[in-house]
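Engineer: My questions will all concern the structure given below.
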Amino acid sequence: EGAVPRHYAGLALLKLADNFENHIRIAEEGGIQALLRLGRARSTDEELQYKAALTVGHLASNAVKMLPKGKGKGSGLSEEVGFGISVMQSRAQEASKKGRDQTKDFIKRSLEK
């Protein structure tokens with residue numbers, strides 16, 4: 001009974017996690033904690049546990065890819081709390097702006113034809 005909504009919620013988060021711009025929002029809204037609870041719940045079926053783990057892994061993998069490269073001082077790495085998320089937010093905003101600009105250019109070109 002309760003497993004069906006959880007199943008579809010897990011599938012929805014998995015699909016949303018395909019788009020990097022959603023990663024920050026998923027984290028801000030508690031989606032990672034929800035996925036972890038879903039994966040640990042005894043009432044959750046194995047397929048849903050797998051999908052929850054897959055989604056968390058996908059989010060973590062992309063977060064790691066966004067970390068600055070290099071080691072040591074002056075490399076862009078920081079032990080400051082929140083540094084990684086600030087880098088991710090900045091890059092997501094840049095990607096969002098680029099997408100918006102490309103869409104505007106496409107519409108403008110389409111209207112000029």
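Engineer: Subtract the Cα-Cα distance of R37 and L111 from 0.36 nm times their separation in residues, and report this length gain in nm to one decimal. Write down the numbers at each step before the final one.
Structural biologist: Values: separation 74, 0.36 × 74 = 26.64 nm, distance 4.89 nm.
Gain on stretching R37 to L111: 21.7 nm.
Engineer: Counting only other residues whose beta carbon sits under 12 Å from that of A95, what net charge do I get with K and R as +1, D and E as -1?
Structural biologist: Details: positive: R91, K97, K98, R100; negative: E21, E94, D101.
That works out to +1.
Engineer: Quick one: order F106, F20 by neighbouring beta-carbon count within 10 Å, fewest to most. Don't skip to the end; give the middle numbers.
Structural biologist: Values: F106 10, F20 18.
Result, fewest neighbours first: F106, F20.
A short reminder: the numbers here are calculations on the coordinates, not readings from a lab. Here the structure is a predicted model, which is why all the values come from computation and not from measurement. Counting neighbours? That spans all protein chains shown, and the Cβs are built from the backbone with ideal geometry, glycine included.
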